[in-house]
1. Sort out which residues of the stretch 122-141 are in a helix (DSSP H, G or I) and touching a residue at least 12 places away in the same chain (Cβ under 8 Å), and write them in order of number.
2. Looking only at the stretch 208-227, how many residues end up being within 14 Å of the ligand (Cβ to nearest atom), surrounded by fewer than 18 Cβ atoms within 10 Å (Cβ to Cβ) and among the polar types (S, T, N, Q)?
3. Filter the stretch 116-172 for residues that are of a type in the set (Gly, Ala, Ser), buried (at least 17 other Cβ atoms within 10 Å of the Cβ) and closer than 30 Å to Tyr301 by Cβ and give the result.
4. Being aromatic (Phe, Trp, Tyr), crowded, with 19+ Cβ neighbours inside 10 Å, away from the ligand (no atom under 15 Å from the Cβ) and more than 24 Å from Phe407 (Cβ to Cβ) is the requirement here; does Tyr301 meet it?
5. State the number of residues belonging to the stretch 92-114 that are more than 6 Å from the ligand (Cβ to nearest atom), buried (at least 16 other Cβ atoms within 10 Å of the Cβ), assigned to a loop (DSSP other than H, G, I, E, B) and among the hydrophobic types (A, V, I, L, M, F, W, C).
6. Between residues in the stretch 394-405 that are over 16 Å from Thr66 (Cβ atoms) and residues that are at pLDDT 95 or above, which pairs lie under 6 Å by C-beta distance while being six or more apart or on different chains?
7. Has the stretch 374-388 got at least one residue that is assigned to a strand (DSSP E or B), farther than 22 Å from Lys161 by Cα and without any contact (Cβ under 8 Å) to a residue 60 or more places away in the chain?
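The values are calculated or read from the model by the stated rules, or taken from the named source; none is laboratory data. From a predicted model like this one, the values you see are computed outputs, not experimental measurements. Backbone-built Cβ (ideal geometry, glycine too); neighbour counts: all protein chains shown.
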Amino acid sequence: MKFSHKYIIVGAGSAGCVLANKLSADPLNSVLLIEAGPMDNYPTIKMPLGASSLFKHKKYGWGYETQSEPNLRDRSINWPRGKTLGGSSSINGMLYIRGQAEDYEAWESAGNIGWGYRDLMKYFISLEDNQNHEDQYHGNFGELWVETYQSSLPASQVFMKACSESGLTENNDFNGSVQEGFGTYQVNIKNGQRYSAADAFLKPILSRPNLELMTDTSVLKIIINNKKALGVQVKNRQGINAITAESEIILCGGAINSPQLLMLSGIGPKKVLEKVNISCSHDLPGVGQNLQDHLTVNISYNIDHLDTFAELMRPMKMLKNLYQYFFKRAGLLTYPASDIGVFFKTNQDYETPNAQIHFAPGAGKYNKDGAMEPISGITASVCNLRPLSKGHIELNSSNPNEPPKIFANYLSNKSDIEPMIEGN
Ligand SMILES: Cc1cc2nc3c(=O)[nH]c(=O)nc-3n(C[C@H](O)[C@H](O)[C@H](O)COP(=O)(O)OP(=O)(O)OC[C@H]3O[C@@H](n4cnc5c(N)ncnc54)[C@H](O)[C@@H]3O)c2cc1C
């Protein structure tokens, strides 16, 4: 059999871009990277404050929503996911935050050898190009640009002062020796523009002759013969075709699409597959299970004595913002998801912080298109860092174009409620 490539990577998101870079660094490997979405040349992908306009974008996002959530008054919750080069790193909040050392140690103790803090630290350091910190916790020669956001908005300064007055400790490096405290976030923003995984890991190496990129190409299923994955079936403008891989097919479609693709290919819980008339080639009960997400609650307060986004975006000021962004790559439009963060314990008996705040000097409500419309105010979003509630993903049907069913199952474990209440 003649194989098309040695490796096929499905999905050019955060993981796919890194893998394409590392695998194609060896000229003996031929690598094909397949992305369902288009190139990332839409203007609000690059403009940091534009991210929320992409959450429900039909072309650059998957537009997912959870099933109705029984513990959230049966509401469906938006689950934005990027569908373009860079994947979700092209629509995300750009905050560069590692997990806590203790969390990685817990992974390792659970039997995941090679996933402890010390093991991972060497990768964190090697990928990072930190502009502000040069010490044992940071790298300065990697692909990923990291800088500390220069926060100057008046309401953010007042929030920092309030944190200090309430006894919290200032922390100038959440990715350093301790995460606890309040401070300014580090971000993947370079010269005022989003620096996605595609910018960091893919674009600089796209000219490698052993790397091929296919965009606007959806993988419909993995082609399996005798329990061996031989290739993928893809759909694009040329129609539906098969592409084979000599060595490996690596799924990097993200937390929703990778299990969906496995199940569409007959790999997953047999009973679930039978429900949608997919013949099971490998009964793997864990596929689509153990879905965990950190629920965030946005607490907004109206304020009228300081300029917040609503005032700073009025037409005359917006002209200034646009000028600053397009001519100086500076100003309000370079703002990430949040500038000030807090990591704290909702119970002093805990050893490490279990809750996080994202502060933003703005408040808003979603309009009917899913974009945020500013109102005068500030927002502190609180999230539980270690939720125990678990959900799952199921197929709606055997049609790859139909979104899967997402059961987030938020707050189904009652111990997830306490941090949300205490944290607020
Ligand atoms: C709104 C939002 C805000 C976030 N904010 C932050 C933040 O501030 N800081 C942070 O560190 N993390 C943040 N994250 C999380 C972070 O972006 C993700 O964890 C990360 O991007 C996931 O990487 P991934 O490679 O697993 O998936 P993705 O980056 O989602 O990539 C998956 C890619 O696969 C493609 N794909 C899927 N299925 C197929 C198929 N069948 N065929 C071909 N291609 C396919 C998709 O189109 C996509 O491009 C945020 C995420 C979101 C959604």
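1. Start the filter on the stretch 122-141 by keeping residues that are in a helix (DSSP H, G or I), which leaves 122-127.
Residues satisfying the conditions are Phe124, Ile125, Ser126, Leu127.
2. Summing the residues that are within 14 Å of the ligand (Cβ to nearest atom), surrounded by fewer than 18 Cβ atoms within 10 Å (Cβ to Cβ) and among the polar types (S, T, N, Q) in the stretch 208-227 gives 1.
3. Initially, the stretch 116-172 is screened for residues of a type in the set (Gly, Ala, Ser), giving 116, 126, 139, 142, 151-152, 155-156, 162, 164, 166-167.
With buried (at least 17 other Cβ atoms within 10 Å of the Cβ) added as a condition, the list becomes 139, 142, 151, 155-156.
Within the stretch 116-172, Ser151, Ala155, Ser156 qualify.
4. On the way: aromatic (Phe, Trp, Tyr): yes; crowded, with 19+ Cβ neighbours inside 10 Å: no; away from the ligand (no atom under 15 Å from the Cβ): yes; more than 24 Å from Phe407 (Cβ to Cβ): yes.
So Tyr301 does not fit the description; no.
5. Qualifying residue count for the region: 0.
6. What qualifies is Ser397/Val276; Ser398/Val276; Ser398/Asn277; Ser398/Ile278; Pro400/Leu220; Pro400/Leu264.
7. Step one: filter the stretch 374-388 for residues assigned to a strand (DSSP E or B), giving 374-375, 378-384.
Remaining after also requiring farther than 22 Å from Lys161 by Cα: 374-375, 384.
Next, from what is left, pick out any that are without any contact (Cβ under 8 Å) to a residue 60 or more places away in the chain: none.
No: zero hits.
Conditions tested, residue by residue: (1) within 15 Å of the ligand (Cβ to nearest atom); (2) hydroxyl-bearing (Ser, Thr, Tyr); (3) surrounded by fewer than 18 Cβ atoms within 10 Å (Cβ to Cβ).
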| position | (1), (2), (3) |
| --- | --- |
| Ala15 | yes, no, no |
| Asp26 | no, no, yes |
| Glu35 | yes, no, no |
| Phe55 | yes, no, no |
| Gly63 | yes, no, yes |
| Pro70 | no, no, yes |
| Ile77 | yes, no, yes |
| Gly87 | yes, no, no |
